């Protein structure tokens, strides 16, 4: 592309030449913009700094991909049932999910599942009788409570799954 | 086909190996590709479409990649293939919304009327971003590409030269011309 040869353009060209040479020499990618290059280059770098996806964005897009994958290809054929169960409670490690976060998520999810199991147990025993050590008969109330706990627990586990 | 109980550390595989696993039905392999390339795709899209649509278009890129994965034969590098797909999706976005890049100026005028414009972490205002995006959409494709490789993907000039199959000197020269054209365009946009 032919360039206009006027002193101002030549100055810009020289600054850009120095700039690119400096970047190559120092193998720099970001930051430390030389002064006098003009706002455009500074803005291009600024845009680059702003354009990082948030953890929520990463998670949302990943979930959408997983849903679409299951609709298109079905469940991951290479994963065993056992691996899927484990992943349901303990999400796999990745770039935006640290080991600490996984531990936190896993403990919470397993605790919720344990509460669900406990609720079923309590409903079956009818609440129990601690003074005699025999199973009590709480009537319909324990089952209602269990139903609410199990449904709410399952919904929460399903909605928040990250497998 | 991989056995069901085979335990593969996908993070250690190359893109092309991951594609092979994903083609065989391994969702985790595709997830690894997603994690590896999300930043560069997101950044590319960020330079191309309005902020509120960046996430949607990025998602479309990965879903399109997932659906056309079977047709990837490995003739080109996966990154090149994904880059092309991203460019196509950004173009689709403008076709679909029947929006020309010039409309970004209209959007900017609208935004200028409002007070309390959001300013990004870097200090770049929404108006400045739209000006720049508008200019970027109006420079020739090969100029835009070299700018995106440099700023959106953060490649060194040596890497850009390799990607484009050019010499280092030719790449530097192209970059200088692209920046000069962009500066002119920004100047015109502000006029």
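When restricted to residues that are within 14 Å of chain A (Cβ to nearest Cβ), loosely packed, with under 12 Cβ neighbours inside 10 Å and modelled with pLDDT of 80 or more, segment B:85-135 contains 0.
Scanning segment B:20-43 for residues that are under 22 Å from the mean Cα position of the chain (by Cα) and closer than 18 Å to residue A:80 by Cα yields a total of 3. For segment B:65-84, a residue qualifies if it is crowded, with 17+ Cβ neighbours inside 10 Å and at pLDDT 90 or above, and the qualifying residues are B:65, B:66, B:78, B:81, B:82, B:83.
A count restricted to segment A:91-123 and to residues that are more than 13 Å from residue A:158 (Cα to Cα), surrounded by 15 or more Cβ atoms within 10 Å (Cβ to Cβ) and modelled with pLDDT under 85 stands at 7. Looking only at segment B:24-46, count how many residues are surrounded by fewer than 19 Cβ atoms within 10 Å (Cβ to Cβ), at pLDDT below 90 and closer than 22 Å to residue A:63 by Cβ. Residues meeting the conditions: 1.
Okay, residues lined up against (1) facing chain A (nearest Cβ under 8 Å); (2) in contact (Cβ under 8 Å) with a residue 12 or more places away in the chain; (3) within 23 Å of residue B:126 (Cβ to Cβ):
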{"position": "B:14", "(1), (2), (3)": "no, no, no"}
{"position": "B:17", "(1), (2), (3)": "no, no, no"}
{"position": "B:21", "(1), (2), (3)": "yes, yes, no"}
{"position": "B:24", "(1), (2), (3)": "yes, yes, no"}
{"position": "B:27", "(1), (2), (3)": "yes, no, no"}
{"position": "B:33", "(1), (2), (3)": "no, yes, no"}
{"position": "B:37", "(1), (2), (3)": "no, yes, no"}
{"position": "B:44", "(1), (2), (3)": "no, yes, yes"}
{"position": "B:47", "(1), (2), (3)": "yes, yes, yes"}
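The values are calculated or read from the model by the stated rules, or taken from the named source; none is laboratory data. If you're wondering where the values come from, they're calculated on a predicted model, not measured in any experiment. All Cβ positions, glycine included, derive from the backbone under ideal geometry; neighbour counts span all protein chains shown.
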